[in-house]
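Comments concern the structure below.
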Amino acid sequence: MEDCLAKKMEIAVSEAEKRTGRNAMNMQETYTAYLIETRAVEPQSEGQCAPVDSLWRRYSEFELLRNYLSVTYPHIVVPPLPEKRADFVWHKLSADNMDPDFVERRRIGLENFLLRVASHPVLCQDKIFYSFLTQEGGWKEMVNETGFQLKADSRLKALNATFRVKNPDKRFTELKHYSDELQSVISHLLRVRARVADRLYGVYKVHGNYGRVFSEWSAIEKEMGDGLQSAGHHMDVYAASIDDILEEEEHYADQLKEYLFYAEALRAVCRKHELMQYDLEMAAQDLTSKKQQCEELATGTVRTFSLKGMTSKLFGQETPEQREAKIKVLEEQIQEGEEQLKSKNLEGRDFVKSAWADIERFKEQKNHDLKEALINYAVMQISMCKKGIQVWTNAKECFSKM
């Protein structure tokens, strides 16, 4: 971890800017660009700070970077991006992806994504990632030249592997189930929080009615007027405070959402393992089939029904020379198949070793982050309740002075 990029470079997504331009279809579009600022931690010369480098990136470029990392490092739980459009929001907040509050939270999420990658012991060393941070022009061309799209597995192949793998690794099967359950639990938690936020909003805003009533009442009271007016003021302040409170809550919700999306990153690693296992099993099956064909040709016996066997009966047996030629081709294919199977076995073992090491790293990070987020959320709720008690304590004092 001492060599990770996060130790050598300060990285920040410091600003978001709404822009208008033309897309690939030459149609007018409005989008948000994000300013990435980087600074080397080591000073350039004694007593001088390193200059800040900056460049603008669109959300779609962050997506391209993450897709590249996911394909290039299939054994790694690649950090997720923040949501493109708001989800699990309480109804008073805008779900518009151009809403300033949402853009600000997404800016924080994008910065967190870059810091996660820069802190990862493997991903931080990727040259394409470094270029993303430091080279504005020609970066997309550089990514596309890696040919990573050609390595991306099709959804159909992945689905086929899921259903046809005969000997799945129990650890990855359990991890897949865990990721499904984690996503389900966090989704439910976010929905509950949104419902609580709706109700809390109503409770706070109703306190504004207290403020209005006390204010109106104070107008007809001479001796009690000042006390009622002061109590009404406290209620108005209390009612207005809910907007900032729930906006702060959204930041804690975003921390939970990160792990909602991390669940999909875990499943992606499981799918990659399934695909490797499927390819291994198909290669082993093909090798067994070729060995059987070679044996049948050598002995002149056919163990199972085949179209070739029927053809020989109908049109006569092959000559010894033809049979020898076929046996020679099959022997070459068998040798090649055995080497390929050995290579796939080694590749599979390396994948499992690397993937499980990264999964253990992820689990440690997850336990720390979620514990911290939930504690901070609880502390915020306690603080909010204390403010409510203080408001009513102040109101009580106002009533006592009447």
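The values are calculated or read from the model by the stated rules, or taken from the named source; none is laboratory data. The structure displayed is predicted, hence computed values, not measured ones. Neighbour counts run over all protein chains shown; Cβ positions are idealised from the backbone, glycine included. The area values use the complete protein model at the heavy-atom level, side chains included, leaving out ligands, DNA and RNA. Shrake-Rupley method; radii C 1.70, N 1.55, O 1.52, S 1.80 Å.
Are any residues in segment 207-253 of a type in the set (Val, Ile, Thr) and over 19 Å from Thr393 (Cβ atoms), and if so, which ones?
Val213, Ile220
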Quick check on my filter: what residues within segment 208-230 are open to solvent by 70 Å² or more (accessible area, probe 1.4 Å), among the charged types (D, E, K, R) and in a loop (DSSP other than H, G, I, E, B)? Lys222, Glu223
For residues that are in contact with a Leu (Cβ under 8 Å, 6 or more places away or on another chain) and without any contact (Cβ under 8 Å) to a residue 12 or more places away in the chain, tally how many sit in segment 218-253. 1
Number of the condition not met by Ala263 [criteria: (1) touching a Leu at 6+ places or on another chain (Cβ under 6 Å); (2) closer than 15 Å to Glu338 by Cα]: (2)
Being part of a helix (DSSP H, G or I), under 18 Å from Leu123 (Cα atoms), open to solvent by 60 Å² or more (accessible area, probe 1.4 Å) and not small (Gly, Ala, Ser) narrows it down to one of Glu397, Glu364, Glu372, so name that one. Glu364
Residue check for Asn167: at pLDDT below 90 and open to solvent by 80 Å² or more (accessible area, probe 1.4 Å): yes
Quick one: how many residues across segment 126-141 are in a helix (DSSP H, G or I) and surrounded by 15 or more Cβ atoms within 10 Å (Cβ to Cβ)? 7
I need the full set of residues from segment 69-97 which are open to solvent by 40 Å² or more (accessible area, probe 1.4 Å), among the polar types (S, T, N, Q) and modelled with pLDDT of 70 or more, in order please. Thr72
Of (1) within 30 Å of Glu360 (Cβ to Cβ); (2) modelled with pLDDT of 90 or more, Tyr278 satisfies all except one. Which? (2)
Surrounded by fewer than 17 Cβ atoms within 10 Å (Cβ to Cβ), of a type outside the set (A, V, I, L, M), touching a residue at least 60 places away in the same chain (Cβ under 8 Å) and in a helix (DSSP H, G or I) - does that describe any residue in segment 286-302? no
Failed item in (1) modelled with pLDDT under 90; (2) within 30 Å of Gln183 (Cα to Cα), with Glu360 passing the rest: (1)
Set Ala16, Ala24, Ala50: member being at pLDDT below 75 and surrounded by 15 or more Cβ atoms within 10 Å (Cβ to Cβ): Ala50
Within segment 98-122, can you find the residues that are outside any helix (DSSP H, G or I), in contact (Cβ under 8 Å) with a residue 24 or more places away in the chain and surrounded by fewer than 19 Cβ atoms within 10 Å (Cβ to Cβ)? Met98, Pro121, Val122
